[in-house]
Amino acid sequence: MPIEAIPSRIQYQWLDEFIHGVDDEAARARMEAAINGKGAFRRFKDILLTLPEERRRWFEFRDRAMRQRLEDWVRENDIEALNEPPWVNGDYSPMA
């Protein structure tokens, strides 16, 4: 069964949700401005390069969102998994 890419509108929602959870007001304002208009993802990533702690938090946030999306897709398509996903047992580290 083909697996479709996650639509950019969903990925944009993830950005927006993440940004609303940023405590630093100045960083949050920069991120909010960055995601408006064409090139939003690139500008957002550029800002994260200047904020290492927020960059780490973003990748953790995105990984959780991606995992949930994958689990939902499997369930929605009535697929029976033969094994647990690697993150269930702690065997998966995307940033390693």
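The values are calculated or read from the model by the stated rules, or taken from the named source; none is laboratory data. Here the structure is a predicted model, which means the values were calculated and not measured. Neighbour counts run over all protein chains shown; Cβ positions are idealised from the backbone, glycine included. Just the protein is used for accessible areas: all its heavy atoms, side chains included, with ligands, DNA and RNA removed. Shrake-Rupley method; radii C 1.70, N 1.55, O 1.52, S 1.80 Å.
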_Looking only at segment 35-60, and only at residues there that are of a type in the set (A, V, I, L, M, F, W, C) and free of Cβ contacts under 8 Å to residues at least 12 places away in the same chain, the one that is farthest from residue 77 (Cα to Cα)_ = 49
*Filter segment 20-29 down to residues that are surrounded by 10 or more Cβ atoms within 10 Å (Cβ to Cβ) and more than 30 Å from residue 74 (Cα to Cα), then give me how many there are.*
5
*Scan 4, 32, 17 and give me the residue that is open to solvent by less than 90 Å² (accessible area, probe 1.4 Å), without any contact (Cβ under 8 Å) to a residue 60 or more places away in the chain and either among the charged types (D, E, K, R) or under 19 Å from residue 63 (Cβ atoms) (or both).*
32
*Among the residues of segment 35-46, which ones are assigned to a helix (DSSP H, G or I) and open to solvent by less than 60 Å² (accessible area, probe 1.4 Å)?*
40, 44
*Just need a number here: residues in segment 47-68 that are exposed (fewer than 12 other Cβ atoms within 10 Å of the Cβ), over 13 Å from the mean Cα position of the chain (by Cα) and part of a helix (DSSP H, G or I).*
3
